[in-house]
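Q: Pasting a structure here, questions to come.
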Amino acid sequence: MKTTKILKWLSMLAVMFGFMSCDDDIVYPNLTGEWQWVKSSGGFFGEVKEPEYKSIIKISEQNKYETYVEDTLYAAGTFKFYTDDSHGNTVKIEPSIIPVRPDAKRILTYGNDTIVFSEGCCDRWDFYYVRVQEEKQ
């Protein structure tokens, strides 16, 4: 009888610890492709601004990127995904690949054709990029 109770308690503890150690499998977005900056929004008054310059981001396999400003290579490298539990498992990248915005690391996606890079600070500027569609011949 005592052995049965002890086994039940041990089983319950094992199950509890099993659930506590499980992380949700986070699926990171597929950003492979070419992306063009189309607008920004944010600030304390929710402004919406047109791009100040042409910005293109090219992302290839293995998270390699090239950022172009006015058709000139601005930065290149490799980024990595990570999650920020302080914002509810928010997907972020390191480093930021947005020109001149080192805090725009939070990624929001809308379907397969829009990415929003967000600063996530008090005035929270968001930078909207759309997938460049290949011209059909």
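Every read-out reported here was derived from the displayed coordinates using simple, explicitly stated rules and does not represent laboratory data. On a predicted model such as this, the values are computed, not experimentally measured, just so you know. Here the Cβ positions follow ideal geometry from the backbone for every residue, glycine too, while neighbour counts run over all protein chains shown.
Q: Need the full-extension length gain, PHE44 to THR114, defined as separation in residues times 0.36 nm minus the C-alpha distance. One decimal, nm. Show your work: numbers first, answer last.
A: Details: separation 70, 0.36 × 70 = 25.20 nm, distance 2.36 nm.
Here the segment from PHE44 to THR114 would lengthen by 22.8 nm.
Q: Right, something else. Which residues does the label zone of THR90 cover in the stretch 35-61, counting backbone N under 16 Å from a point 7 Å along Cα→Cβ?
A: Only 41-44 fall inside the zone, counting backbone N under 16 Å.
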